[in-house]
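Participant: Quick one: the structure is below, questions incoming.
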Amino acid sequence: MSYPPGPQDQNPYGQQQPGFGQPQQPQQQPPQPQQPAQPQYGYPQQQPGPAQGQGQAQYGYPQQSGYAQSPYSQQPTAGYGQPGVGGPAAYANWGQRFGGYLVDSLMAGVPTGIIEGIAGATRISALLFLAFVVCIGVWLFNIYREGTTGQSIGKGALNIRLVREADGQPIGFGMAIGRKLLHIADAIPCYLGFLWPAWDAKKQTFADKLVKTIVIKSQ
């Protein structure tokens with residue numbers, strides 16, 4: 001005979017208790033709060049704190065502000081007409097050019113004058129020819145040096161040199177002779193071309209403009 005369940009047999013949560021010998025139902029566990037997902041690769045993710053600010057990157061490594069720039073990262077602009085490579089500060093001024101020309105003239109004129117003086121005192125005509133050969137020889141030697149190295153004896157003494165405007169290289173022996181002959185263009189207008197470097201932007205004579213050369217300060 002069975003009896004109806006009494007109040008003591010009632011489940012306070014509204015569920016009926018299993019009878020004797022019956023399998024008990026597993027009790028449902030309340031849901032657990034989910035743990036935050038860990039970042040990949042096993043590194044703990046750092047959260048910026050009040051002392052860290054915004055300078056911390058992911059995985060706890062400090063964020064770098066950037067690598068120091070190399071002083072060689074910026075290449076200079078090619079061409080001797082550009083600032084910093086061969087701009088106005090690099091051009092030889094009129095005084096330097098005149099000083100170089102004066103030294104070159106003395107190198108040829110002094111020995112020539114001495115030989116001519118001896119020829120006049122001794123009346124030996126052969127010495128006049130020797131004076132001419134010495135003058136031409138010193139003149140050609142200076143032109144050769146100027147064309148191949150950029151510096152005659154006088155330009156070397158004043159620390160300046162002659163180069164092509166396009167690439168800053170020596171102009172060669174042939175072009176150097178042509179430039180000397182073109183100095184006639186500087187002499188025709190009352191020698192105005194020789195004075196032109198005093199106010200010209202690139203400190204050029206008329207001959208320099210014709211053959212596209214400049215005279216710069218040696219580094």
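A short reminder: the numbers here are calculations on the coordinates, not readings from a lab. Here the structure is a predicted model, which is why all the values come from computation and not from measurement. Heads up, the Cβs are rebuilt from the backbone with ideal geometry, glycines too, and the neighbour counts pull from every protein chain shown.
Table: residues versus (1) part of a helix (DSSP H, G or I); (2) among the hydroxyl-bearing types (Ser, Thr, Tyr); (3) within 34 Å of the chain's Cα centre (by Cα).
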{"site": "ILE115", "(1), (2), (3)": "yes, no, no"}
{"site": "VAL138", "(1), (2), (3)": "yes, no, no"}
{"site": "MET175", "(1), (2), (3)": "yes, no, yes"}
{"site": "LYS202", "(1), (2), (3)": "no, no, yes"}
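Participant: Output the number of the condition that GLY168 fails; it satisfies all remaining conditions of (1) more than 18 Å from GLY99 (Cβ to Cβ); (2) touching a Ser or Thr at 6+ places or on another chain (Cβ under 9 Å).
Facilitator: GLY168 satisfies every listed condition except (2).
Participant: If I ask for residues that are surrounded by 13 or more Cβ atoms within 10 Å (Cβ to Cβ) and touching a Phe, Trp or Tyr at 6+ places or on another chain (Cβ under 7 Å), which ones from the stretch 164-203 would you list?
Facilitator: Once the filter is applied, which keeps residues that are surrounded by 13 or more Cβ atoms within 10 Å (Cβ to Cβ) and touching a Phe, Trp or Tyr at 6+ places or on another chain (Cβ under 7 Å), the stretch 164-203 yields GLU165, GLY168, PHE173, ALA185, ASP186, GLY193, TRP196, PRO197, LYS202, LYS203.
Participant: Among the residues of the stretch 94-108, what is the count of those that are over 13 Å from PHE194 (Cβ atoms) and surrounded by 16 or more Cβ atoms within 10 Å (Cβ to Cβ)?
Facilitator: 6
Participant: Among the residues of the stretch 117-132, write down those that are farther than 27 Å from PHE194 by Cβ and assigned to a helix (DSSP H, G or I).
Facilitator: Matches in the stretch 117-132: GLY117, ILE118, ALA119, GLY120, ALA121, THR122, SER125, ALA126, LEU127, LEU128, PHE129, LEU130.
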